[in-house]
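The values are calculated or read from the model by the stated rules, or taken from the named source; none is laboratory data. Small disclaimer: the values here were computed from a predicted structure and weren't measured. Glycine also receives a Cβ, built like all others from the backbone with ideal geometry; neighbour counts cover every protein chain displayed. For accessibility, only protein heavy atoms count, side chains too; no ligands or nucleic acids. Shrake-Rupley method; radii C 1.70, N 1.55, O 1.52, S 1.80 Å.
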Amino acid sequence: MLYNQNCLNVAKIASKSEVRPEFAGVFFTKDKVVATDSFKLLEMTTSKGYKVEDYPDAKHPVMKGFKPFIIPAKELSKVKIPKNKSLPVLENVAVSYVDDKRVDLMTTDLETADIKSFKRIDGQYPDYEKIFPAGKPKAELEVDGEYLAEM
């Protein structure tokens, strides 16, 4: 999957304390990104409008061998997503799974690829889904994260 700026912004919710490294990290799966400080939790689903195949950098493997991972929330501020109104798919980050110790996050402007490498947090993310009710949701809501931040 591709992750937009709203997905990366969940890092603001993550715990500042590193006593439990998983809580100081952001959990990435193929279809969502999650962060918690153990009191608040934010889960952001990935954009449904773009497919990995739409990401235009063929020189780097995008989402090959993907497995869910946790990376330190404070490190995500290093990722700068370029604005591109003519080709909105570029306003996303692609993940290149490298090994069990690190993950590369890549952005591109079609001219160059900017790849940032992050050490993975070794551990299991809390099974937070058990606290949510099961079954069909009563409502679904889409919110513009940038507009919400301005408010």
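Of note:
For every residue, the table says whether it meets (1) more than 15 Å from Asn6 (Cβ to Cβ); (2) polar (S, T, N, Q).
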| residue | (1), (2) |
| --- | --- |
| Pro88 | no, no |
| Thr108 | yes, yes |
| Arg120 | yes, no |
| Tyr147 | no, no |
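- Filtered residues of segment 1-19 (kept if part of a helix (DSSP H, G or I) and in contact with a helix residue (DSSP H, G or I) (Cβ under 7 Å, 6 or more places away or on another chain)): Asn6, Leu8, Asn9, Ala11
- Among the residues of segment 66-78, not a single one is open to solvent by 60 Å² or more (accessible area, probe 1.4 Å) and more than 20 Å from Ile121 (Cβ to Cβ).
- Asp57 passes every criterion in (1) more than 17 Å from the chain's Cα centre (by Cα); (2) among the acidic types (Asp, Glu); (3) at pLDDT 85 or above apart from (3).
- Annotation: of all residues in segment 23-45 being in contact with a Ser or Thr (Cβ under 8 Å, 6 or more places away or on another chain) and not in a strand (DSSP E or B), the one that is least open to solvent (accessible area, probe 1.4 Å) is Ala24.
- For segment 110-136, the set of residues classified as over 19 Å from the mean Cα position of the chain (by Cα) and free of Cβ contacts under 8 Å to residues at least 40 places away in the same chain consists of Glu111, Thr112, Lys130, Ile131, Phe132, Pro133, Ala134, Gly135, Lys136, listed by residue number.
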